[in-house]
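Have a look at the structure below before the remarks.
Nothing in this text is a laboratory measurement; each read-out follows from the coordinates by a stated rule. Only a predicted model underlies this, so the values are computations on that prediction, with no experimental measurement involved. So basically every Cβ, Gly included, is an ideal-geometry build from the backbone, and we count neighbours across all protein chains shown.
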Amino acid sequence: MKLSHRIKNFFLYGTVFLSVSLAIATPTIIATQRKKADAILFPLIALLANENRVIQLAERNTTDYYFGIGLSGVQYLSYYGGGFFQDKIVWDGIARTKFRYKKLGNWYQRDTADRLRLKVTSWISGIGSPSFEVGGEIKYDGNFSASAGAKIGIDSNGYLINDKTTHNSNYAGLDYEFQGWKYKVTTFGQSAHAWADYGNLSVNISSNSDNYRVEKLSEDIQE
């Protein structure tokens with residue numbers, strides 16, 4: 001099950017351009033998820049999709065290194081299940097991070113991270129445990145089939161974790177598209193987190209960080 005929208009020209013020096021068209025399909029059914037398209041379509045879904053665009057940008061820019069992160073996409077309530085069926089949440093977007101070491105002592109010293117890890121966390125609050133669908137797989141817990149070098153699974157808190165690690169690189173990126181179900185959804189959200197190791201230096205950053213949030217990134221974090 002796919003959304004038709006694609007996000008283009010991802011993070012060009014902090015400017016995000018979105019090209020979005022929504023094609024809403026009925027979820028594959030397990031347990032008490034509703035069959036066919038007779039679930040109540042949430043009112044003004046197109047408007048809600050626009051209002052629930054997520055753009056989170058943060059960076060740490062020091063004399064020693066640059067570390068930037070960005071998350072851009074849409075998240076919205078697709079179906080309202082009422083009193084008997086689960087609500088459906090949709091997420092679709094991208095996350096990117098970049099680490100560049102600046103304080104190079106000689107010509108052969110590289111500026112890439114020894115290890116660069118990027119993680120996108122998505123969650124639903126409501127009644128009971130959530131289930132998620134990723135690439136046609138539906139699970140209440142455990143791991144999904146790996147995709148493009150990423151690890152995707154549901155942790156002990158019921159959060160969907162999309163995780164990727166690169167080595168000897170300035171960049172790491174994740175493209176994500178999935179759905180989740182839960183009874184009586186109250187809130188839902190997502191954020192990205194990154195960790196970089198360079199020699200004895202270990203730093204981290206979150207896309208929704210109050211301390212490092214920016215309106216525009218200083219460097220292009222798209223590889």
> Restricting attention to the stretch 53-147, which GluC sites (Glu not before Pro) occupy a DSSP loop and are surrounded by at most 12 other Cβ atoms within 10 Å?
Replying inline: none
>> So if I take the centroid of the Cα atoms in the stretch 99-131 and the same for the stretch 49-88, what is the distance between those two points in Å?
In response: 16 Å
>> Please list, ordered by chain and number, the residues whose modelled amide H lies under 5 Å from the amide H of Asn170; skip anything fewer than 5 residues away on the same chain.
In response: Ala113
> Do the alpha carbons of any pairs in Lys102/Lys139; Lys98/Lys182; Lys102/Lys151 sit beyond 32 Å of each other, and which pairs?
Replying inline: Lys102/Lys139; Lys98/Lys182
> Mind listing which trypsin sites (Lys or Arg not before Pro) in the stretch 73-102 are in a DSSP loop and have 14 or fewer other Cβ atoms within 10 Å?
Replying inline: Lys102
> Under 5 Å between amide H atoms, partner at least 5 residues away or on a different chain: which partners does Tyr183 have, H built in plane at 1.01 Å?
Replying inline: Asp87, Ile127
